[in-house]
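The values are calculated or read from the model by the stated rules, or taken from the named source; none is laboratory data. Predicted, not measured: the structure shown is a model, and the values here were computed from it. Note: ideal-geometry Cβ built from the backbone for every residue, glycine included; neighbour counts use all protein chains shown.
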Amino acid sequence: MHKSKLPNLETTIFTIMGNLSKKHNAINLSQGFPNFKSDQKLIDLVSKAMNSGYNQYAPMLGVLELREAIAKKFDDLYKTSYHPEKEIVVTAGATQAIFTIISAFIRPSDEVILFNPAYDCYEPAINLNGGKVIPMQLNYPDYKVDWDAVKNTISEKTKMIVINTPQNPSGTVFSKEDMEELERITNKTNIIVLSDEVYEHMIYDGLAHQSACLFPQLKERTFITASFGKTFHNTGWKMGYCCGPKELMKEFVKVHQFNVYCVNHPIQIALATYISEASNYKQLSSFYEQKRDLFLEAIKDSRFSFTPSKATYFQVLNYSAISNEKDVDFAKRLTTEFGVASIPLSVFNTNKLDEKVLRFCFAKKEETLLRAAEILNKL
């Protein structure tokens, strides 16, 4: 028998809930994808690029015009720059970027600090490369980091710290003070920071995204990963990018070259034009804030309790006034008996900590959210 490199890996909760949702014809608020169309302008730009012959391999690092447009975006939003030819790589979604970063740097017995609840692609990549996950549990409802505990957890084996802000699945954000603490703790160390910022354009109530690139000493050791799929409502395109200081990017590219080499050419050509128009991403926060508010207003008389999501297109709801069941069991029953699919948070927590909370995706059409709310109100 072959020995598995990931012996304890179970079927992902997204697959389980997605399948249940399909089988029972439930309203699917589980997986994080929109059920409305991407901008027709962007789709037309992709068709135009295909018809113009951009159908062979793209340059390994990505189409230069797109990397220049990404550099300009950083300059506009954060008044900081990445060199388009040395510090930006276009990737097959943020997940490929994350896997590539971890594969480029993590060796057997290197330690990686993760904040749970954590998105489920980090840990398997660390395990595959022989690294050791050091989990730090954050708690409902505010999911605050105890930076003194982080400082005490760091050892000579700590190679990397993974952060995700805005944070999926909790819908929370790191504050400026959080980022300054991280900068202080990692300063003058060899620790690499992986900052997953795929929800940077979905942030509410007047809060500002505290990108790692805003903090100069942090920027020097940090990879930022981002997602066009999340931003422009087309997750199936699997398009993202990675930025980082050129010394670190050299190592990233070595793995990227043999992992995917390059990614979808016509979509890159289209995105280069599309993201040059800043309004295409700057209006996203108000667009999603309206959806969040609509959903929360519709369930305000339900027995769920909640703190409004600060960011992402996810809302965490606490069901402890409705049931004592384990969150996985309750989520399954909610899908099979009542017809609304969600994601239980325990699967992202250390030792499957169950705080009786489920994650609902509100990147849906208005009528979908109202139909789901009607069901949730009856529980």
Looking at this structure, is residue 262 at negative phi, out of contact with any helix residue (DSSP H, G or I) (no Cβ under 6 Å at 6 or more places or on another chain) and in the same structural domain as residue 176 (by TED's automatic domain parsing)? yes
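Here's the yes/no breakdown for (1) touching a residue at least 24 places away in the same chain (Cβ under 8 Å); (2) out of contact with any His (no Cβ under 8 Å at 6 or more places or on another chain); (3) among the charged types (D, E, K, R):
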| site | (1), (2), (3) |
| --- | --- |
| 132 | yes, yes, yes |
| 137 | yes, yes, no |
| 151 | yes, yes, yes |
| 156 | no, yes, yes |
| 162 | yes, yes, no |
Specify which of the listed residues (224, 161, 126, 203) is over 25 Å from residue 99 (Cβ atoms), among the aliphatic types (A, V, I, L, M), crowded, with 19+ Cβ neighbours inside 10 Å and modelled with pLDDT of 95 or more. 203
Flag if residue 209 is touching a helix residue (DSSP H, G or I) at 6+ places or on another chain (Cβ under 6 Å), touching a residue at least 40 places away in the same chain (Cβ under 8 Å), in the same structural domain as residue 83 (by TED's automatic domain parsing) and in a loop (DSSP other than H, G, I, E, B): no
So residue 262, is it in a loop (DSSP other than H, G, I, E, B) and touching a residue at least 12 places away in the same chain (Cβ under 8 Å): yes
Taking into account only those residues within segment 180-206 that are of a type in the set (Ser, Thr, Tyr) and touching a residue at least 40 places away in the same chain (Cβ under 8 Å), which is farthest from residue 162 (Cα to Cα)? 204
Within the bounds of segment 232-240, is there any residue that is modelled with pLDDT of 95 or more, in the same structural domain as residue 68 (by TED's automatic domain parsing), closer than 22 Å to residue 102 by Cβ and aromatic (Phe, Trp, Tyr)? no
Here are 45, 20, 66: which of them is surrounded by 14 or more Cβ atoms within 10 Å (Cβ to Cβ), of a type in the set (A, V, I, L, M) and either free of Cβ contacts under 8 Å to residues at least 60 places away in the same chain or within 20 Å of residue 364 (Cβ to Cβ) (or both)? 20
